[in-house]
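Contents: one structure, followed by commentary.
Read the figures in this text as sums done on the coordinates, not as results from a lab. Everything numeric in this text was worked out from a predicted model, so none of it was measured. Because the Cβ atoms are built from the backbone with ideal geometry, glycine has one as well, and the counts that use them run over all protein chains shown.
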Amino acid sequence: MDDIVNEVNAAQLGRDYMDSLYVGKTEANMANVCQKLILLHLKPNKTNAEYVNRAKSHGDELKVMGVPETEKQMISYVIGGLSDEWEAHKGNVSCSRPKTLAELK
């Protein structure tokens, strides 16, 4: 009986260890994707659609990890990453009715 209990305990320790590795990796991945969203900016050689699609892709990655960003949060990331030439338009987008990412393209 003691052998069975020891095997069960060893198996549980193994599962706990594997879970801790997975959770650590998942948290690191989430932090990495969140950082990509925060640092996202419109590159001069990219179109608006490519820029918005990149933001949407990062948002989709978070959704798969169980951390969905709201449409409003995603729009904030996109607006925040626009270059200075878009400064006059940032206020218009922020003050108008809520938009979807698709409308920002």
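For the range 28-104, compute Rg over Rh where Rg is the Cα radius of gyration and Rh is the Kirkwood radius from the inverse mean 1/r over Cα pairs.
On the way: Rg = 12.3 Å, Rh = 12.8 Å.
Reported Rg/Rh (Cα atoms, Kirkwood Rh): 0.96.
Sequence-distant contacts, meaning Cα pairs under 8 Å at least 6 residues apart, place the relative contact order of the range 28-104 at 35 percent.
Excluding same-chain residues fewer than 8 positions from Lys63, which aspartates and glutamates have a Cα within less than 20 Å of its Cα? Answer for Lys63, where 20 Å is the Cα cut-off: Glu27, Glu50, Glu71, listed by chain and number. Among Tyr77, Tyr17, the order by Cβ neighbours within 10 angstrom, fewest to most, reads Tyr17, Tyr77.
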